[in-house]
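The values are calculated or read from the model by the stated rules, or taken from the named source; none is laboratory data. This structure is a prediction, so every number in the text was calculated from the model and none was measured. In this analysis, Cβ positions are derived from the backbone assuming ideal geometry, glycine residues included, and neighbour counts consider all displayed protein chains. Areas reflect the complete protein model, heavy atoms only, side chains present, ligands, DNA and RNA absent. Shrake-Rupley method; radii C 1.70, N 1.55, O 1.52, S 1.80 Å.
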Amino acid sequence: SLALFGAFITRASAAMPADDSLVVKGVNLLTPVVFSFIIFGAMIPYWFSALTMRSVGEAANAMVLEIARQFAEIKGLSESAGMDFHERAEHKAKGKALIKPDYKACIAIATEASLREMIAPGVLVILSPILVGSFAGVEAVAGMLAGAIASSVQLAI
């Protein structure tokens, strides 16, 4: 993430006049815009984490409902699911068939939920630097990225 921050400063500076370049001038952390976006940037990883946890909870709830539905509707599933390895082998040796759940339905729920529910966290991390840069400028993005990097390290550890 520090390499990405360095790349941002280098690329943003390349598009600026040489005297106003962030590489030459630096980013003053005490300016109100930069300081406020450091605080905003520090919030983004926690916001992303909250959105992700909510998404996982909703997907898990959908999975639980599907499993409960299968246990209620598929006759003999609870008996087959309650068997250990040896009981299953004995059951098969007697020529009896094991009742299996509908795995495809659970996989479909997990796949669809993972794609649908991760849209909001993805939009957050993609659009936040674009919107901040468009409305508040390059120094605000530098502050936001610095804040996000600092608080992301806290979450990673």
Fill in: Those residues of the range 124-157 which are open to solvent by less than 70 Å² (accessible area, probe 1.4 Å) and under 22 Å from residue 55 (Cα atoms), in sequence order
124, 125, 128, 148, 151, 152
Discussion item. So residue 28 ticks every box in (1) open to solvent by less than 90 Å² (accessible area, probe 1.4 Å); (2) in a helix (DSSP H, G or I); (3) under 30 Å from residue 128 (Cα atoms); (4) in contact with a helix residue (DSSP H, G or I) (Cβ under 7 Å, 6 or more places away or on another chain) but one. Which box is left unticked?
Written reply: (2)
Worksheet item: Cβ-Cβ below 8 Å, separation at least six or inter-chain, first residue in the range 57-85 and without any contact (Cβ under 8 Å) to a residue 40 or more places away in the chain and of a type in the set (Val, Ile, Thr), second part of a helix (DSSP H, G or I) and open to solvent by 80 Å² or more (accessible area, probe 1.4 Å): which pairs?
Response: none
Discussion item. Based on this model, can you work out whether residue 71 counts as open to solvent by 50 Å² or more (accessible area, probe 1.4 Å) and at pLDDT below 95?
Written reply: yes
Worksheet item: Given the range 37-148, what helices (runs of 4 or more DSSP H) lie entirely inside it while holding 3 or more residues that are within 26 Å of residue 15 (Cβ to Cβ)?
Response: 119-136
Discussion item. Which numbered condition in (1) over 23 Å from residue 154 (Cα atoms); (2) more than 22 Å from the chain's Cα centre (by Cα); (3) loosely packed, with under 13 Cβ neighbours inside 10 Å is the only one that residue 61 fails?
Written reply: (2)
